Structure formats: C-alpha cells, structure tokens
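To start, the structure under review is shown below, and the notes come after it.
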Amino acid sequence: MTKIAINGFGRIGKLVVRRLFDQGLGSKIKLINDPNGSVKNIANSIEFDSVHGGWIKPITIKNKEIIIDGSQINIVQYCTIPELKNDISEIDLVIDCTGVNRNFKLLNEYLQFGVRTVLVSAPIKDDRILNIVYGVNHQLYDQAANKIITAASCTTNCLAPIVKVLHENIGIKHGSITTIHNLTNSQTILDKPSQNIRRSRSALLR
C-alpha cells in the first residue's frame with residue numbers, strides 16, 4: 001500500500017487530506033508535517049474550514065496522532081526536510097505543500113531519505129522537474145524517470161488548456177492575459193513594509 005506524507009498544512013495541504021479521504025484513500029496518509037501545526041490545531045483545521053465549511057468525518061486526537069475515520073496520522077512540527085529524515089524513510093509519496101521547497105536541490109533530499117516520489121503543489125522552473133497540466137502534457141509523465149513532479153501553477157492550469165485548443169485548431173500569433181487571483185497565505189492583510197512593494201499592500205483592497 002502506498003504510504004503518503006504531507007509536508008505543509010496550509011490551504012492546499014488541508015484540502016488534499018479532505019479529498020483523499022473523500023476518495024477512499026485517506027488510510028494511505030501516514031504523516032502530516034507543519035512547523036506551526038500542533039496536533040490539536042491540525043485536527044481543528046481539517047474539521048472546520050472558513051471557505052468550505054465543516055467536514056463530516058470523525059476526528060479524534062491520541063497523543064501525537066490524529067485519527068480520522070479510523071486511520072491514524074502522525075503529526076510532526078519540523079521546519080526543514082532533513083529534520084524529517086527518520087519520519088519519511090518508509091514513505092512512498094511526499095506531497096509538498098509548503099510553498100517554499102521549490103528547487104531541485106531541496107526536493108531531491110526527500111529521495112535521498114528513501115521517498116520514491118515527490119509531488120509539489122507549486123510550479124518549479126527547472127528542467128529536471130516535470131510541470132504537468134493534466135489534459136495538456138500529462139502524457140510526458142514517466143514514473144521511472146520523473147521522481148519529482150509538480151502540477152504547475154493555478155494560472156497555468158487555467159490558461160494552458162485554452163491555449164492548447166486555440167493553438168492546435170486556429171493558431172496563435174500573440175496574446176496577453178489578465179488574472180484575478182484569490183488571496184493566499186503569503187499575502188498581507190493590511191499594508192506593511194516589504195521588499196516587494198506590491199506585496200506591501202493589503203490584498204483585500206487592491
């Protein structure tokens with residue numbers, strides 16, 4: 001049975017857990033890591049969501065584990081991949097939802113510690129890592145060759161299927177696109193100093 005670990009428990013990490021359980025795959029999740037996520041906090045975060053609402057799966061806490069619908073998941077609080085070494089030695093798939101581990105050198109550490117495949121929830125600009133948009137280039141995936149993969153960015157997933165259809169059936173000379181993005185955890189709620197002046201402005205008022 002494939003064993004799954006989730007590193008990073010923000011917006012995406014939480015929804016991955018919910019989705020896997022809803023698809024009957026929750027028993028495969030063995031580990032959740034988030035440096036800011038205590039066992040109690042992780043359990044509460046899964047059960048209640050400000051956007052998607054409450055979740056009907058029964059969740060209980062036992063020592064450093066949460067139990068969802070009878071499946072036990074170990075909770076740890078590490079900041080770096082090397083700290084996870086002993087916890088992921090028997091993990092088959094790591095789903096990295098940290099948003100910060102976005103280069104080959106960092107992500108390859110998972111493989112060095114025994115993980116078979118790494119799926120990253122953010123786009124990565126590196127030829128050694130395959131960015132997959134399902135329905136556009138998913139046929140390029142080779143399980144034996146592609147040990148680290150990503151599903152690209154949300155913008156790419158919105159744009160690429162449309163571009164593919166237009167390019168293959170009509171042709172494209174040039175184009176431009178404007179996106180209106182939802183809030184993310186990396187943005188600021190109120191104005192504050194930042195090296196990136198756009199990031200210094202309130203995400204709620206732009």
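The values are calculated or read from the model by the stated rules, or taken from the named source; none is laboratory data. Since we're looking at a predicted model, the values are computed, not measured. In this analysis, Cβ positions are derived from the backbone assuming ideal geometry, glycine residues included, and neighbour counts consider all displayed protein chains. Surface accessibility is based on the protein's heavy atoms, side chains included, excluding ligands, DNA and RNA. Shrake-Rupley method; radii C 1.70, N 1.55, O 1.52, S 1.80 Å.
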Next item on the list: State which residue pairs qualify: first residue open to solvent by 10 Å² or more (accessible area, probe 1.4 Å) and inside region 38-49, second residue part of a helix (DSSP H, G or I) and of a type in the set (Lys, Arg) in any location, beta carbons under 6 Å apart, and separation of 6 or more residues or different chains.
Entry: Ser45/Lys14
Notebook entry, point to check: Taking Ser186, is it in contact (Cβ under 8 Å) with a residue 24 or more places away in the chain, among the hydroxyl-bearing types (Ser, Thr, Tyr), exposed (fewer than 15 other Cβ atoms within 10 Å of the Cβ) and part of a loop (DSSP other than H, G, I, E, B)?
Noted result: yes
Next item on the list: With respect to Arg11, determine if the residue is under 19 Å from Val118 (Cα atoms), modelled with pLDDT under 95 and among the basic types (Lys, Arg).
Entry: yes
Notebook entry, point to check: What do you reckon, is Ile32 of a type in the set (A, V, I, L, M), outside any helix (DSSP H, G or I) and surrounded by 15 or more Cβ atoms within 10 Å (Cβ to Cβ)?
Noted result: yes
Notebook entry, point to check: Restricting region 139-152 to residues that are assigned to a loop (DSSP other than H, G, I, E, B) and within 20 Å of Leu111 (Cβ to Cβ), which is most open to solvent (accessible area, probe 1.4 Å)?
Noted result: Gln143
Next item on the list: Among the residues of region 1-29, write down those that are assigned to a helix (DSSP H, G or I) and without any contact (Cβ under 8 Å) to a residue 24 or more places away in the chain.
Entry: Arg19, Leu20, Asp22
Notebook entry, point to check: Out of all the residues in region 153-162, is one or more under 20 Å from Ile4 (Cβ atoms), in a loop (DSSP other than H, G, I, E, B) and either within 14 Å of the chain's Cα centre (by Cα) or at pLDDT 95 or above (or both)?
Noted result: no
